[in-house]
Amino acid sequence: MPRSIIHLDMDAFYPAVEVLDNPELKGKPVIVGGSKERGVVSSASYEARKFGVHSAQPMATAIRLCPNGIFLPARMYRYKEVSKQVFEIFHCFTPLVEPLSIDEAFLDVTGARRLLGDAVEIAKKIKRMVFEEPGLTVSAGVAPSKFVAKIASDMEKPDGLTVVPPDKVREFLDPLHIKKMWGVGKVTQRALAQLNIHTFKDLSQIRVEVLERKFGKHGAKMYALAMGIDDRDVEPEHETKSIGHEQTFMKDIMELDDAKKELLALANKVAGRMRREEVSGKTVSLKVKYNDFKQITRAATLPKPTDDGFEIYSVACRLLEKTEVGKRPVRLIGISLSQLSFLGAGEQLSLFNRDQSSQKRKELNIALDSILEKHGEKSVRPATLISNK
Ligand SMILES: [Mg+2]
């Protein structure tokens, strides 16, 4: 039996809450973001978007594009409060709610269909309830998979409802540009364009071997998505899980530098796994076991989630300074990431992360993963690790 997944995404959430709390702002270009000199736009109302303002844009640019805009600082505590109300509504319909960010979630309502009406009826009810209290609009996509539901919810924003029945998935996907696909950044887009692939349909008509040769496992994954195949479950527990790796050493580690080399290898392994599972994490934990089996953990939380090995490594190195590594013999080191979020969280996730260097690193990571996939872990190692051998 096909599943019924609903993706719900609040419309211009931060500005919408500002308008909710101050109705005089209704219909005006409201822009929520950081400082006017150095900050970026967090979220812009649809009225502001007409001027070309969008999230992650420098505030200075937004001011130039929309000089009469109403610029407001983010009130996260308030957005969280409203978000809680909205998620309570989601939970009325199913326990299978996977939050992607403060204003976005997947719901699996397969089991709730008989009880509460079919998935489209449930989506309509949710939209109505959110509109009544707290008083906001949410866009919904209803489809047999997460991937398609997510694309669908974006089609008719704001206040949209897009339904893709199981037998219409290919019809729906075929004409879409491949940039709508998760994990397809500018570099991948360019590489696909060289193969004359621009739409989902183009991608689905290429032999999967060709894609695998060029992109490794990522190629096979893209192909499956183009065919509308995505079996990933809605995972309500996502935020409590963690992904980690640890290494017990044959010989105790004595030197700080040696410990750092191990950290780099671990960080890359963890990051690789996160990218394979398409999650990123906010909290980095470092575990150290000394040779007398005394074990400690140190943790730090990043302002935004990451799946980047070097970033994880940098944090882990800072945490290392809060240990006695280098002074006491070390038996085991481990790194884990928690507070995970689904990579498809897209907008909100990349919101603070869209500067060029991190975008490049992201695409480099994808390339790295496909090489690893093909040739194994030894083939790609950062220079400091090679010098180790
Ligand atoms: Mg949203």
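Confirm whether Thr61 is more than 21 Å from Tyr14 (Cα to Cα), within 26 Å of the chain's Cα centre (by Cα) and in the same structural domain as Gly33 (by TED's automatic domain parsing). Give the derivation first.
Values: more than 21 Å from Tyr14 (Cα to Cα): no; within 26 Å of the chain's Cα centre (by Cα): yes; in the same structural domain as Gly33 (by TED's automatic domain parsing): yes.
No; evaluated as a whole, the condition is false for this residue.
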Inset, instruction - Run Arg78 past the list (1) away from the ligand (no atom under 14 Å from the Cβ); (2) outside any helix (DSSP H, G or I) and report the number of the one that doesn't hold. - result: (2)
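Matching residues to (1) open to solvent by 50 Å² or more (accessible area, probe 1.4 Å); (2) under 30 Å from Thr110 (Cβ atoms):
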residue	(1), (2)
Ile243	no, yes
Glu246	yes, no
Phe249	no, no
Ala265	no, no
Val279	no, yes
Thr283	no, no
Asn291	yes, no
Lys304	no, no
Asp308	no, no
Inset, instruction - State yes or no: is Ala105 among the small types (Gly, Ala, Ser) and surrounded by fewer than 15 Cβ atoms within 10 Å (Cβ to Cβ)? - result: no
Legend entry - Selection count where residues are on the phi < 0 side of the Ramachandran plot, within 12 Å of the ligand (Cβ to nearest atom) and crowded, with 23+ Cβ neighbours inside 10 Å, scope the stretch 1-31: 9
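Rundown of residues vs (1) under 30 Å from Arg3 (Cα atoms); (2) modelled with pLDDT under 95; (3) part of a loop (DSSP other than H, G, I, E, B), yes/no style:
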| position | (1), (2), (3) |
| --- | --- |
| Lys28 | no, no, yes |
| Ile31 | no, no, no |
| Arg38 | no, yes, yes |
| Phe90 | yes, no, no |
| Pro95 | yes, yes, yes |
Legend entry - the stretch 107-131, subset touching a Phe, Trp or Tyr at 6+ places or on another chain (Cβ under 8 Å) and of a type outside the set (Gly, Ala, Ser), residue modelled with the lowest pLDDT: Leu116
Inset, instruction - Give me a count of the residues in the stretch 128-166 that are in a helix (DSSP H, G or I), open to solvent by 30 Å² or more (accessible area, probe 1.4 Å) and charged (D, E, K, R). - result: 3
Inset, instruction - Give the number of residues within the stretch 34-44 that are more than 30 Å from Arg232 (Cβ to Cβ), within 16 Å of the ligand (Cβ to nearest atom) and open to solvent by 10 Å² or more (accessible area, probe 1.4 Å). - result: 0
Inset, instruction - Taking only the stretch 314-338 into account, find how many residues are without any contact (Cβ under 8 Å) to a residue 12 or more places away in the chain and among the aliphatic types (A, V, I, L, M). - result: 0
Inset, instruction - Within the stretch 3-24, work out how many residues are farther than 18 Å from Met76 by Cβ and either more than 25 Å from the chain's Cα centre (by Cα) or part of a helix (DSSP H, G or I) (or both). - result: 2
Inset, instruction - Tell me the helices (runs of 4 or more DSSP H) entirely within the stretch 172-260 that contain at least 1 residues that are within 20 Å of the chain's Cα centre (by Cα) and not acidic (Asp, Glu). - result: 186-194, 217-226
Inset, instruction - Kindly provide the set of residues from the stretch 76-89 that are touching a residue at least 12 places away in the same chain (Cβ under 8 Å), open to solvent by 60 Å² or more (accessible area, probe 1.4 Å) and within 22 Å of the chain's Cα centre (by Cα), ordered by number. - result: Lys80
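The values are calculated or read from the model by the stated rules, or taken from the named source; none is laboratory data. In this text, all values refer to a predicted model and were calculated from it rather than measured experimentally. All Cβ positions, glycine included, derive from the backbone under ideal geometry; neighbour counts span all protein chains shown. Side chains are part of the model used for accessible areas, which takes the heavy atoms of the whole protein and leaves out ligands, DNA and RNA. Shrake-Rupley method; radii C 1.70, N 1.55, O 1.52, S 1.80 Å.
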